[in-house]
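First comes the structure, then the notes that go with it.
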Amino acid sequence: MYLGRIISAGKTEDGKPFVAYRVSSRSFPNRQVKVLEDEAAIIPKEGFEKDIFKNSYIAYDCIKTVGDIAIISNGSQTNPIADKISIGMNIRDAMAYSLITLDYEKDDYNTPRIAAVVKGGDDFEAYIGIVTDSKILVEKIDEGAQFISTYEKNSPEDVVYSAETPDDACKFIFDEGAFAEFENPVCSVAAIFDGKWNISGLNPE
């Protein structure tokens, strides 16, 4: 089954706050994740930089952290969600505002925008959301973990997320557990909170 882009968030099986994202693609597979200290981006691989002129939606910041809060998404909504949170807007409203403002992507597939935000620490809080051409949803994750995707799985579904480290979390969403059956993985990125957010990326050869 092809799900397109996938986000998972909440708490791992061991109770660690996490966010994870996988790029799956049939049209633009020549992409990679670039990880910096407190953020990560999806960009074309070397030699495929001109792909952004074919589709402006394929390169974007996919993770931003604001203190003990991690924002993850499949597009340019990452930054406005982070900006709203940084000036004091609550997580639910920041997600809803940004998703409805940017709306679904105006490509050939009306690709939905998906996002999740997780607050680490003792006052854990997590939300996952989507905007499509027919709905907007921002839902609280009360316990465990959930995932959502741009195609097929347009409503959050529960998942047992087995990972102890950010590297483990990248590999898990890439091709393990419930995610092993989903087609056309390209790259993945994840962050786990352990006093602070630690981000890793997976770019298979």
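The values are calculated or read from the model by the stated rules, or taken from the named source; none is laboratory data. Computed from a predicted structure; not experimentally measured. In this analysis, Cβ positions are derived from the backbone assuming ideal geometry, glycine residues included, and neighbour counts consider all displayed protein chains. For the accessible areas, the whole protein counts, side chains as well, though only heavy atoms, and no ligand, DNA or RNA atoms are used. Shrake-Rupley method; radii C 1.70, N 1.55, O 1.52, S 1.80 Å.
Remarks
- Subset of the range 55-92 (residues that are open to solvent by less than 60 Å² (accessible area, probe 1.4 Å), of a type in the set (Lys, Arg) and within 21 Å of residue 18 (Cβ to Cβ)): 64
- Scope the range 165-191; condition among the small types (Gly, Ala, Ser) and in contact (Cβ under 8 Å) with a residue 40 or more places away in the chain; matching residues: 169, 188, 190, 191
- Residue in the range 147-158 that is out of contact with any Phe, Trp or Tyr (no Cβ under 7 Å at 6 or more places or on another chain), of a type in the set (A, V, I, L, M), open to solvent by less than 10 Å² (accessible area, probe 1.4 Å) and in a helix (DSSP H, G or I) present: no
- Residue list for the range 93-116, filter: buried (at least 24 other Cβ atoms within 10 Å of the Cβ) and small (Gly, Ala, Ser): 94, 98, 115, 116
- Matching residues, the range 27-51, being open to solvent by 70 Å² or more (accessible area, probe 1.4 Å) and either at pLDDT 95 or above or over 22 Å from residue 182 (Cβ atoms) (or both): 34, 36, 37, 38, 45, 46, 48, 49, 50
- Residue in the range 123-137 that is in a loop (DSSP other than H, G, I, E, B), aliphatic (A, V, I, L, M) and at pLDDT 95 or above present: no
- The range 122-134, subset touching a residue at least 12 places away in the same chain (Cβ under 8 Å) and over 19 Å from residue 20 (Cα atoms), residue surrounded by the most Cβ atoms within 10 Å (Cβ to Cβ): 132
- Near pairs, Cβ below 7 angstrom, 6+ apart or cross-chain, from the range 151-164 (of a type outside the set (D, E, K, R)) to any residue that is open to solvent by 50 Å² or more (accessible area, probe 1.4 Å) and in a loop (DSSP other than H, G, I, E, B): 160/13; 161/13; 162/13
- Matching residues, the range 17-26, being part of a strand (DSSP E or B) and either surrounded by fewer than 18 Cβ atoms within 10 Å (Cβ to Cβ) or in contact with a helix residue (DSSP H, G or I) (Cβ under 9 Å, 6 or more places away or on another chain) (or both): 18, 19, 20, 21, 22
- Residue tally, condition assigned to a strand (DSSP E or B) and either buried (at least 21 other Cβ atoms within 10 Å of the Cβ) or of a type in the set (Val, Ile, Thr) (or both), over the range 1-16: 5
- The listed residue being in contact with a strand residue (DSSP E or B) (Cβ under 9 Å, 6 or more places away or on another chain), of a type outside the set (A, V, I, L, M, F, W, C) and either buried (at least 17 other Cβ atoms within 10 Å of the Cβ) or touching a residue at least 60 places away in the same chain (Cβ under 8 Å) (or both), out of 140, 119: 119
- Unique match (being on the phi < 0 side of the Ramachandran plot, open to solvent by less than 50 Å² (accessible area, probe 1.4 Å), part of a helix (DSSP H, G or I) and aliphatic (A, V, I, L, M)) among 191, 178: 178
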